[in-house]
1. Could you look through segment 25-78, keep only residues that are out of contact with any Lys or Arg (no Cβ under 8 Å at 6 or more places or on another chain) and hydroxyl-bearing (Ser, Thr, Tyr), and pick out the one that is most open to solvent (accessible area, probe 1.4 Å)?
2. So, in segment 191-219, exactly how many residues are part of a helix (DSSP H, G or I), surrounded by fewer than 17 Cβ atoms within 10 Å (Cβ to Cβ) and without any contact (Cβ under 8 Å) to a residue 40 or more places away in the chain?
3. Given the options Ala270, Ala274, Ala176, Ala201, name the one that is in contact with a Leu (Cβ under 8 Å, 6 or more places away or on another chain), among the hydrophobic types (A, V, I, L, M, F, W, C) and more than 25 Å from Phe331 (Cα to Cα).
4. Which condition breaks for Leu40 when tested against (1) modelled with pLDDT under 90; (2) in contact with an Asp or Glu (Cβ under 7 Å, 6 or more places away or on another chain)?
5. Do any helices (runs of 4 or more DSSP H) entirely within segment 98-190 hold 2 or more residues that are in contact with a Lys or Arg (Cβ under 9 Å, 6 or more places away or on another chain), and if so, which?
6. So Ile228 passes all but one of these: (1) touching a strand residue (DSSP E or B) at 6+ places or on another chain (Cβ under 7 Å); (2) part of a helix (DSSP H, G or I); (3) open to solvent by less than 10 Å² (accessible area, probe 1.4 Å); (4) at pLDDT below 90. Which condition number does it fail?
7. In segment 262-303, how many are touching a Lys or Arg at 6+ places or on another chain (Cβ under 9 Å), under 30 Å from Leu18 (Cα atoms) and either within 10 Å of the ligand (Cβ to nearest atom) or outside any loop (DSSP other than H, G, I, E, B) (or both)?
8. Could you list all residues from segment 233-250 that are open to solvent by 10 Å² or more (accessible area, probe 1.4 Å) and outside any strand (DSSP E or B)?
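The values are calculated or read from the model by the stated rules, or taken from the named source; none is laboratory data. Here the structure is a predicted model, which is why all the values come from computation and not from measurement. Cβ: placed from backbone, ideal geometry, glycine included. Neighbour counts: every protein chain shown. Surface areas here come from the heavy atoms of the whole protein model, side chains and all, with no ligands, DNA or RNA. Shrake-Rupley method; radii C 1.70, N 1.55, O 1.52, S 1.80 Å.
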Amino acid sequence: MRTEPPLLSVRNLRTYFLADEGTTKAVDGVSFDVSAGRTLGIVGESGCGKSVTALSILRIVDDPGRIVDGEILLSRNGGSPVDLVKQRKNGRFMRSVRGGEIGLVFQEPMTSFSPVHTIGNQLVEAIRLHDSLTKKQARNKATDLLTMVGIPRPASTMDQYSWELSGGLRQRAMIAHALAPDPRLLIADEPTTALDVTTQAQILDLMMSLQEERSMAVMLITHDLGVIAETADEVVVMYLGREVEKGSVEDIFYDPQHPYTRALLRSIPALDAAPKVKLPAITGSVPHPFDRPTGCGFHPRCPEAMEGLCDIEEPATWTPADGRGVACHLFGDHQALVSLKGRRS
Ligand code: SF4
């Protein structure tokens, strides 16, 4: 049983892009906790607001994006939590949090590393930014980090450029870079999407063993439910900037409630599936958040949508237990409304 307060607590986060043409609600009321030593998986199709949630936490959302509401509470060394929303984006505090207390691993390390500086130089710079070590000490720490992430010849890799490494080694070097300042929270945004399945499994194993060693909190963003099943303790399922379902990994995989979660799970290929049977796919695609449907955002694609209700009224979140939530008219208070409609029709 967990007693410690969460390391990061996101409450009712709303990040909108306010353009002349209109407002895009990229993240629209998301709440979750991430605790030390635990992995929170954030899952959903492309365009559902997962990455903007991560960028909001780090306060690096590009203009015209703004956090218009909510709190991002980061607890620090036993003191009261600090609301990152209230900090200046480029102020000293946020600079110490970014790449310091919170490390970030991107999908494509090729674009994250500078192509004109060696891996070693970039690691040493990241270490010295948050640590008062000499150049020599930082270089030793960087070599140790490369060893820790399983790079076979760390000393020579220090003098290589990112474009000289294979995809798997580059991603390992990226993880070393993110771990350089000893972060308490690691945000990994699709860290294995660009890798082949074998390397993907190795990188996930590496991340999980490093997490255990350091009791780090991990927020893993992915569209891949297989990755979530392997790694996450808690899961948030997002659709069109909102969380549609959340719960423990067991809740999501063994007792999914929301039609979107159930559809995502049905679309995972199974080894024992009958041959030549088409994989069930979710019809249509995620609408642009600028053009959000009325009522429940999933209603144009939902096989269980109820006309006159789902297309008009936005569902509230039903919370049957701590940490569990489902935003659908089929559950909670709206169930009464649904049965009333059923009796009338
Ligand atoms: Fe489907 Fe209606 Fe539930 Fe939305 S609220 S997921 S449309 S049943």
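1. For segment 25-78, the residue satisfying everything is Ser46.
2. Qualifying residue count for the region: 7.
3. Ala176
4. (1)
5. Values: elements: 109-112, 119-130, 135-148, 154-157, 167-179.
By residue number, 109-112, 119-130, 135-148.
6. All conditions are met except number (4).
7. 3
8. Here is the first cut: in segment 233-250, the ones open to solvent by 10 Å² or more (accessible area, probe 1.4 Å) are 233-234, 242-244, 246, 248-250.
Correct list: Asp233, Val249, Glu250.
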